[in-house]
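Beneath this line is the structure, given in structure tokens, with notes to follow.
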Amino acid sequence: QVQLVESGGGLVQAGGSLRLSCAASGRTFSTNAMGWFLQAPGKEREFVAGITGSGSGTAYADFVKGRFTISRDSAKNTVYLQMNSLKPEDTATYYCAAALYGQYVPRGRDEYGYWGQGTQVTVSS
């Protein structure tokens, strides 16, 4: 029912910035909490940041606090992840996901029902 398409990934030098975008289909987009996850080769997909359906609440993994900012624009059906002060260890495929609920930000993969195809972020040193 919900389709998500990520964009904005690429190659960036350490200390640089990228902004990822997640375009969502459907008029119910604004009712879902949204999250960003990353997955490095050989590792599990892990939570990066999330935002409530209303946009009033956010949550971040400890390793991105102070560097990444999640936001959403309901009029454009789009969620963003602004990534600043990028580090080589941020290198991964980043996935956008729609949660099963809207009033809080889940952190577990099983609490998200819809996923995008992923966009690659590579940070060079």
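Which of the residues belonging to the range 18-68 are open to solvent by 40 Å² or more (accessible area, probe 1.4 Å), part of a strand (DSSP E or B) and touching a residue at least 60 places away in the same chain (Cβ under 8 Å)?
Arg19, Gln39
Name the single residue that is surrounded by the most Cβ atoms within 10 Å (Cβ to Cβ) among those in the range 74-92 being in contact (Cβ under 8 Å) with a residue 60 or more places away in the chain and not hydrophobic (A, V, I, L, M, F, W, C). Write out each step before concluding.
Of the residues in the range 74-92, the ones in contact (Cβ under 8 Å) with a residue 60 or more places away in the chain are 80-88.
Restricting the remaining residues to those that are not hydrophobic (A, V, I, L, M, F, W, C) gives 80, 82, 84-85, 87-88.
Working: Tyr80: 20, Gln82: 15, Asn84: 14, Ser85: 13, Lys87: 14, Pro88: 11.
The extreme case among them is Tyr80.
I'd like to verify a number: residues in the range 74-83 that are of a type in the set (A, V, I, L, M, F, W, C) and either in a helix (DSSP H, G or I) or more than 14 Å from the chain's Cα centre (by Cα) (or both), how many?
Here is the first cut: in the range 74-83, the residues of a type in the set (A, V, I, L, M, F, W, C) are 75, 79, 81, 83.
After this cut, where a residue has to be either in a helix (DSSP H, G or I) or more than 14 Å from the chain's Cα centre (by Cα) (or both) as well, the list is 75.
So the answer is 1.
Quick one: Ser71 ticks every box in (1) farther than 18 Å from Val2 by Cα; (2) touching a residue at least 40 places away in the same chain (Cβ under 8 Å); (3) assigned to a strand (DSSP E or B); (4) open to solvent by 40 Å² or more (accessible area, probe 1.4 Å) except a single one, so which number is it?
Every condition holds for Ser71 apart from (2).
The values are calculated or read from the model by the stated rules, or taken from the named source; none is laboratory data. These figures come from a predicted structure and were not determined experimentally. With ideal geometry, Cβ positions are generated from the backbone for all residues, glycine too; neighbour counts draw on all protein chains shown. Ligands, DNA and RNA are excluded from the accessible area calculation, which covers all protein heavy atoms including side chains. Shrake-Rupley method; radii C 1.70, N 1.55, O 1.52, S 1.80 Å.
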